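Heads up, the thing below is written out as structure tokens.
The values are calculated or read from the model by the stated rules, or taken from the named source; none is laboratory data. Just so you know, these numbers come straight off a predicted model, no measurement behind them. As a convention, Cβ positions derive from the backbone with ideal geometry for all residues, glycine included, and neighbour counts pool all protein chains shown. These area figures cover heavy atoms from the full protein model, side chains too; ligands, DNA and RNA do not enter into them. Shrake-Rupley method; radii C 1.70, N 1.55, O 1.52, S 1.80 Å.
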Amino acid sequence: MSRLNFQEKMLWAQLLGIVVVVAFYAHFLVHSGPGHHYFHALLLVLLFLFGGVRTLARRRSKSVIEDERDSSITSMGARWSNTILWLGLVVILVLYWDHGSMRSANFLIDILFHLLVLAGSVRIIRELVAYRMSA
């Protein structure tokens, strides 16, 4: 891990965060009914935590420089993620058009959650692969 640059370390932390969120979701929330679980608060805390740590680390460390390689890798990950999100939205629309409704609100929320997890995971993994291939 010491040979990884800052962007790679942040990607590994984000991947670990996604795994923790999905494990929490799979273990506690899949079989629980609607109620007062604070899953949305956990997601918001993780998002602000990653954003805050990344911003603070970039401000404090002048050695964190994003060069053209980092920009191209980030855009590559964003393209893959956007493609998955667009395909997912098309699938949601097709399901709606074919059936006239989305069975239930829980079904739609599940599809959106899994779509976001998939898009985020693919973005992170694609960027990590690109960093390793260019190292």
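Mind listing whichever residues of segment 37-46 are in a helix (DSSP H, G or I), surrounded by fewer than 13 Cβ atoms within 10 Å (Cβ to Cβ) and at pLDDT below 75?
His40, Ala41, Leu44
Check Ser81 against each of (1) out of contact with any Lys or Arg (no Cβ under 7 Å at 6 or more places or on another chain); (2) modelled with pLDDT of 75 or more; (3) open to solvent by less than 50 Å² (accessible area, probe 1.4 Å) and name the one condition it does not meet.
(1)
Of (1) in a helix (DSSP H, G or I); (2) modelled with pLDDT under 75, Ile65 satisfies all except one. Which?
(1)
Regarding Asp110, is this residue closer than 23 Å to Ala23 by Cα and at pLDDT below 85?
Spelling it out, Asp110 is indeed closer than 23 Å to Ala23 by Cα and at pLDDT below 85.
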